[in-house]
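Heads up: the structure comes next, in structure tokens.
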Amino acid sequence: MTLTTDAASLAVAEPISASPLSRRAKNALPSPTLAITAKASQLKADGVDVVGFGAGEPDFDTPDHIKEAAVDALAKGFTKYTPSAGIPALKKAIVEKLQSDSGLTYGPANVIVSCGGKHSLYNVFQALCEAGDEVIIPAPYWVSYPEQVKLADATPILIETTDASGFAPTIEQLRRAITPRTKAVVLNSPSNPTGAMWPRETIEALAALAVEHDFYVISDEIYEKIVYDGNVPLSIASLGDEIKKRTITVNGVSKTYSMTGWRIGYAAGEAEIISAMGRIQDSVTSNPTSIAQYAAVAALTGPQEFLGDWVAEFDRRRQVIVAGLNAIPGITCINPQGAFYVFPNVSALFGKTPKSGGKTIRSSDDFAEYLLTVAQVAVVPGSGFGAGDYVRLSYATSMAAIEKGLARIADSVRDLQD
Ligand SMILES: *Cc1c(COP(=O)(O)O)cnc(C)c1O
């Protein structure tokens, strides 16, 4: 066969299709969090005094001993490729962490280090799912779950939960969603965007269902260290050998150590699955950044005391923001048990119109837009999390900003009428 590359043959080529994009690319939704944060940053850059509740990351600086470990790694020349699935020292630190925090016994072959927890999750779905598979995702959900399930050609099956049930599904809801095609259930407790933790009985029931129907649980435990009121996080894999075999636990250093920009996450599970995730990672990213891996070793094995101060500070803000939101007529907000988000219900405001004129509020998107344009307050509409009656506010921001933002929200809600 000869290749014809002359101009004449190129000229007669048919267009491939109206759009160059794959169906996969066309179906990928943008992150609602990043969108609002970008809009708020633009306003800020234009000199507008915006109060941002959009942040999906702690506002604390990465602790010094962790930064020093990265500087040290640089100085020592640890700037080359590492094993794709992570350096042995970091895998060892993760294995020890899972043992001491959750009583989970794993070896290095059960652990993979990725470029963020988000990347670990992506690898899990790529390794487990294919067309025809269903993945059950309780809503409100972190937007990347359904997107990543779709990228693996599988089908997200959503279960609706509300503030009335504390944003946890009932055991009956879980049972009803299971079909012979169920491949996995996503568990995220404490949750982004709601801060809710599932009751122990519900996690135990999910474990029993997973064993009975032989599906996987993908347990995203990224917020396990940020919990309040004496709540204790429960790692579902710790409930027994049978559920451990069917669980992939995902975690990372982003939220616990305020290391979102370093991009280190990890997953633990059966060696067969972890090794498949490793093969996928080999072909996509290779290793996570070498110096960030050394910093993550320092994070996991170094002092943890600062965390108590961080959580106490988050807790003070949580109490102020929950009380402040509930004091605004038309807004109700349940108390989150973990993470650093509140997810107030704003549906009582739908149908109202600004006295000063303007568009009637008909959705959480309208309300978020109203707050940003009228009050210069950035919140994330719940629609992107599969829950259009709510908005998400992150309290990973200063107390002064929280107080200022609450006052502005109260004023702009007062300006709404039937
Ligand atoms: C932030 C977050 C993650 C992981 O973030 P990475 O920075 O990729 O480690 C995972 N799940 C949820 C629910 C999150 O909010």
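A few remarks follow.
- In this structure, the residue pairs whose Cα-Cα separation is over 27 Å, taken from Lys67/Lys150; Lys118/Lys352; Lys44/Lys80; Lys44/Lys359, are Lys67/Lys150; Lys118/Lys352; Lys44/Lys80.
- Estimated from helical segments only, the mean residue ellipticity of the chain at 222 nm is -12000 deg cm²/dmol, where each DSSP H run of four or more residues counts as -39500 (n - 2.57).
- Inter-label distance, nm, simple model (7 Å from Cα along the C-beta direction), Ala400/Ala271: 5.6 nm
- Once backbone amide H atoms are built at 1.01 Å from N, Gly252 has Tyr266 as its partners under 5 Å, excluding neighbours fewer than 5 places away on the same chain.
- Counting only residues at least eight positions apart within a chain, or on another chain, the lysines with an alpha carbon under 17 Å from that of Lys97 are Lys225, Lys244, Lys255.
- Sulfur and carbon atoms: percent of accessible area, segment 64-301 [1.4 Å]: 51 percent
- Comparing Arg200, Arg392, Arg23 in a Gaussian network model of the chain where C-alpha atoms under 10 Å apart are linked, the largest mean-square fluctuation is found at Arg23.
- Rounded to the nearest whole Hz, the Karplus-based 3J(HN,Hα) values (6.51 cos²θ - 1.76 cosθ + 1.60, θ = phi - 60°) of segment 165-174 follow the sequence 9, x, 6, 10, x, 7, 4, 4, 4, 4, with x at glycine and proline.
- Available extension along the chain between Val71 and Asn231 is 54.0 nm, counting 0.36 nm per residue and deducting the alpha carbon span.
- Per residue, the average separation of C-alpha pairs within less than 8 Å and at least 6 apart gives the chain a relative contact order of 22 percent.
- Contact order relative to length of segment 64-301, as percent, for alpha carbon pairs under 8 angstrom and 6 or more apart: 31 percent
- For segment 64-301, with +1 on Lys and Arg beta carbons and -1 on Asp and Glu, the positive-most of Asn123, Pro83, Ser238 along the dipole: Pro83
- Taking the C-alpha atoms of the chain, convex hull volume expressed per residue in Å³: 203 Å³
- Segment 131-159 and segment 340-393 have Cα centres lying 25 Å from one another.
- Rg/Rh (Cα only; Kirkwood hydrodynamic radius) as it applies to segment 64-301: 0.96
- Gaussian network model of the chain, springs between alpha carbon atoms under 10 Å - residue of Ser275, Ser165, Ser394 with greatest fluctuation: Ser165
- Nearest-0.05 FRET efficiency for Arg175 and Asp309, computed from C-beta distance (R0 51 Å): 0.75
The values are calculated or read from the model by the stated rules, or taken from the named source; none is laboratory data. The structure displayed is predicted, hence computed values, not measured ones. Heads up, the Cβs are rebuilt from the backbone with ideal geometry, glycines too, and the neighbour counts pull from every protein chain shown. Keep in mind that these areas ignore ligands, DNA and RNA; they rest on the heavy atoms of the full protein, side chains included. Shrake-Rupley method; radii C 1.70, N 1.55, O 1.52, S 1.80 Å.
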